[in-house]
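Since the structure comes first, as structure tokens, the remarks are kept for the end.
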Amino acid sequence: MKKLALVLLESRDTRYSIRAIAAAVEHRSTGIHLFIEKLDNINENIQLVKNLIEKDYRVLLGITLMTTMLPELLRGKFFEKLQLLRRSSKGKLLLIAGGPHPSGDPYGTLTSLGFDIAFIGESEDSLNEVIDTLKQKWSLESLLDIKGLAIKLDNRICFTGRRRKFVDLNAYPPFPYWRRLFSPIEITRGCPWLCKYCETWFMHGVCERHRRVDVILRYVKILLEHGLRDIRFISPNSFGYGELRPGKPNIEALQELVEGLYKLTRRYGGRFFLGSFPSEVRPEYVVEETLEIVKGKIANKNLIIGAQTGSEKLLRYIHRTHTVDDIVNAAQLAIKYGYKPDIDFIFGLPGEDVEDTLETIKLIEKLISIGARIHAHTFLPLPGTPFENAPPGRIHPLVLKLLGKYLGAGKVHGYWFRQEKLAKELYMLKKNGVIWGLQGWKLMEFSC
């Protein structure tokens with residue numbers, strides 16, 4: 001059996017996913033030395049890998065990769081440094097990547113960025129299978145029977161097929177608490193709404209899976225016993241916890257969750273946040289029944305609500321499935337129950353025309369007038385989404401005027417200028433063949 005080490009590199013944006021993966025590996029696999037290092041410390045990380053190889057370890061060097069990270073990493077020659085390290089490793093190093101970008105662009109991850117393995121979709125199970133296999137035989141060919149991977153074999157890119165079974169969130173800890181590393185608890189994974197700009201459903205699938213309440217409470221208790229007092233959660237739609245079908249809140253499940261959290265956190269002098277980052281809410285779920293459940297129990301004073309546009313036509317086109325009235329009703333109800341609505345809008349969406357822009361401006365003016373705050377974003381063309389080939393988002397001058405009008409008063413916030421620049425960079429990476437997206441899937445071999 002080979003001596004195996006897994007070195008995971010975490011950044012500020014990926015630390016939650018890295019810690020979940022680390023927890024899954026140490027919970028399930030034995031006989032592997034795991035290191036969690038800072039992504040920015042590239043020289044120290046290279047030396048760590050070299051030291052491990054000198055001690056006759058086979059090393060997996062892993063990263064969770066978001067598309068938005070690419071421009072900065074490319075400017076810093078991060079991927080070039082990893083490839084140089086691998087070439088000097090005498091075959092004892094494999095570069096692996098998972099997360100939204102490899103899931104949407106596995107071909108580009110392997111050919112343009114130089115990784116050996118791209119994990120497609122959720123990877124707790126597949127990574128454990130890879131580790132178990134490589135312990136016995138250190139070769140990429142030995143991994144071809146493991147589903148959910150894209151593997152670079154010489155000049156071929158092999159896709160091993162989709163995994164048929166979703167990860168059971170209840171089977172793994174959400175963070176490696178034995179290392180005193182903590183993060184918000186993921187309570188729901190998967191998104192059934194198929195928004196055309198979003199990578200979430202492509203990566204995690206459209207079938208929602210929910211961590212059981214008793215399991216959630218077990219790990220909340222661990223956080224509290226380690227001295228943490230502010231408890232947060234990860235969910236694409238937190239008021240949809242436990243729902244049996246999309247669009248209909250499961251009142252009983254949400255109530256069981258909130259009541260359990262309230263009793264437990266109070267016992268330790270803690271508090272919990274639900275409906276604020278990173279557990280936002282869809283507008284059609286902000287209704288009297290859900291607000292009655294959380295009223296007086298959640299610690300957050302705001303609710304983050306995804307609107308994205310004020311145009312009914314554009315809402316249908318981007319497949320949001322809710323209406324403008326749902327957005328207004330959610331904001332009004334939030335205020336009625338004592339919460340400040342913080343409402344997300346994406347500007348420069350594909351298909352957006354002047355009429356759509358004017359309708360969005362009208363809605364924003366109305367929402368601000370009743371007490372909402374606006375979180376402004378610029379559209380980013382992300383690989384693996386139906387909008388991956390759309391032009392980069394550009395904010396209309398009328399929208400810029402509106403944002404400037406309210407920015408000083410604190411009624412608007414966001415990084416729209418930075419995102420507009422980023423959108424152009426991602427568009428050029430696609431144009432220049434660094435990002436392949438859905439086109440790359442056609443170039444992979446499905447039987448190797």
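May I ask you to list the residues in region 190-221 that are surrounded by 17 or more Cβ atoms within 10 Å (Cβ to Cβ), out of contact with any Gly (no Cβ under 8 Å at 6 or more places or on another chain) and over 22 Å from Pro381 (Cβ atoms)?
Pro192, Arg211, Val215, Tyr219, Val220
Quick check on region 281-300: of everything there that is hydrophobic (A, V, I, L, M, F, W, C) and part of a loop (DSSP other than H, G, I, E, B), which residue is surrounded by the most Cβ atoms within 10 Å (Cβ to Cβ)?
Val286
Keeping to region 366-403, report how many residues are under 21 Å from the mean Cα position of the chain (by Cα), among the β-branched types (Val, Ile, Thr) and either in the same structural domain as Leu70 (by TED's automatic domain parsing) or in a loop (DSSP other than H, G, I, E, B) (or both).
1
Kindly establish whether Asp40 is in contact with a strand residue (DSSP E or B) (Cβ under 6 Å, 6 or more places away or on another chain) and not assigned by TED's automatic domain parsing to the domain that holds Leu429.
Against the criterion (in contact with a strand residue (DSSP E or B) (Cβ under 6 Å, 6 or more places away or on another chain) and not assigned by TED's automatic domain parsing to the domain that holds Leu429), Asp40 does not qualify.
Those residues that are over 20 Å from the mean Cα position of the chain (by Cα) and in a loop (DSSP other than H, G, I, E, B), I need them from region 421-435; list them, please.
Those that are over 20 Å from the mean Cα position of the chain (by Cα) and in a loop (DSSP other than H, G, I, E, B): Asn432, Gly433, Val434.
Among the candidates Leu333, Leu358, Leu274, single out the residue that is buried (at least 19 other Cβ atoms within 10 Å of the Cβ) and either under 29 Å from Arg209 (Cα atoms) or more than 26 Å from the chain's Cα centre (by Cα) (or both).
Going through Leu333, Leu358, Leu274 in turn, the sole match is Leu274.
For residues that are aliphatic (A, V, I, L, M) and surrounded by 23 or more Cβ atoms within 10 Å (Cβ to Cβ), scanning just region 61-81, find the one that is nearest to the chain's Cα centre (by Cα).
Looking at residues that are aliphatic (A, V, I, L, M) and surrounded by 23 or more Cβ atoms within 10 Å (Cβ to Cβ), I get Leu65.
Select from region 1-42 the residues that are surrounded by 18 or more Cβ atoms within 10 Å (Cβ to Cβ), part of a strand (DSSP E or B) and not hydrophobic (A, V, I, L, M, F, W, C) and list them in ascending order.
Glu10
For region 106-118, does any single residue satisfy the condition of being within 19 Å of Asn43 (Cα to Cα), crowded, with 24+ Cβ neighbours inside 10 Å and not assigned by TED's automatic domain parsing to the domain that holds Trp201?
Yes - at least one qualifying residue is present in region 106-118.
In the set Ala150, Ala171, which member is under 20 Å from Pro102 (Cβ atoms) and not β-branched (Val, Ile, Thr)?
It is Ala150.
Looking only at region 222-247, count how many residues are buried (at least 20 other Cβ atoms within 10 Å of the Cβ) and over 15 Å from Ser276 (Cβ atoms).
Residues in region 222-247 being buried (at least 20 other Cβ atoms within 10 Å of the Cβ) and over 15 Å from Ser276 (Cβ atoms): 4 in total.
Among (1) at pLDDT below 95; (2) touching a helix residue (DSSP H, G or I) at 6+ places or on another chain (Cβ under 6 Å); (3) among the β-branched types (Val, Ile, Thr), which single condition is Thr30 missing?
Going through the list (1) at pLDDT below 95; (2) touching a helix residue (DSSP H, G or I) at 6+ places or on another chain (Cβ under 6 Å); (3) among the β-branched types (Val, Ile, Thr), Thr30 breaks only (2).
Does Asn329 fit the bill of being more than 18 Å from Thr378 (Cβ to Cβ), in a helix (DSSP H, G or I) and assigned by TED's automatic domain parsing to the domain that holds Ser276?
yes
Out of the residues in region 158-180 that are among the basic types (Lys, Arg) and surrounded by fewer than 19 Cβ atoms within 10 Å (Cβ to Cβ), which is modelled with the lowest pLDDT?
Result: Arg164.
Can you say whether Gly260 is in the same structural domain as His375 (by TED's automatic domain parsing), touching a residue at least 40 places away in the same chain (Cβ under 8 Å) and exposed (fewer than 15 other Cβ atoms within 10 Å of the Cβ), as far as the supplied structure shows?
no
When you look at Tyr16, is it within 20 Å of Ser139 (Cα to Cα) and aromatic (Phe, Trp, Tyr), yes or no?
No; evaluated as a whole, the condition is false for this residue.
Scan region 404-420 for residues that are surrounded by 13 or more Cβ atoms within 10 Å (Cβ to Cβ) and within 28 Å of the chain's Cα centre (by Cα) and report the count.
Matching residues across region 404-420 total 10.
List the pairs whose first member sits in region 287-306 and is over 21 Å from Ile368 (Cα atoms), whose second member is β-branched (Val, Ile, Thr), and whose Cβ atoms are under 6 Å apart, counting only residues at least 6 apart or on separate chains?
Once the first residue is over 21 Å from Ile368 (Cα atoms) and sits in region 287-306, its partners that are β-branched (Val, Ile, Thr) give Glu289/Ile251; Ile293/Val258; Val294/Val258; Lys297/Val258.
Can you pull out the residues in region 222-234 that are touching a Gly at 6+ places or on another chain (Cβ under 9 Å) and free of Cβ contacts under 8 Å to residues at least 60 places away in the same chain?
Leu223, Leu224, Leu228, Arg229, Ile231
Condition first: farther than 30 Å from Ala299 by Cα and within 28 Å of the chain's Cα centre (by Cα). Now tell me which residues in region 336-355 satisfy that.
The answer is Phe347, Gly348, Leu349, Pro350, Gly351, Glu352.
Could you check, for region 199-207, whether at least one of its residues is under 23 Å from Leu315 (Cβ atoms), in contact with a strand residue (DSSP E or B) (Cβ under 6 Å, 6 or more places away or on another chain), in the same structural domain as Arg316 (by TED's automatic domain parsing) and at pLDDT below 95?
Checking region 199-207: at least one residue is under 23 Å from Leu315 (Cβ atoms), in contact with a strand residue (DSSP E or B) (Cβ under 6 Å, 6 or more places away or on another chain), in the same structural domain as Arg316 (by TED's automatic domain parsing) and at pLDDT below 95.
Quick one: Leu303 ticks every box in (1) hydrophobic (A, V, I, L, M, F, W, C); (2) crowded, with 20+ Cβ neighbours inside 10 Å; (3) out of contact with any strand residue (DSSP E or B) (no Cβ under 6 Å at 6 or more places or on another chain) except a single one, so which number is it?
Checking Leu303 against (1) hydrophobic (A, V, I, L, M, F, W, C); (2) crowded, with 20+ Cβ neighbours inside 10 Å; (3) out of contact with any strand residue (DSSP E or B) (no Cβ under 6 Å at 6 or more places or on another chain), the one that fails is (3).
The values are calculated or read from the model by the stated rules, or taken from the named source; none is laboratory data. Small disclaimer: the values here were computed from a predicted structure and weren't measured. Methodologically, a virtual Cβ is constructed for each residue, glycine included, from the backbone with ideal geometry; neighbour enumeration extends over all protein chains shown.
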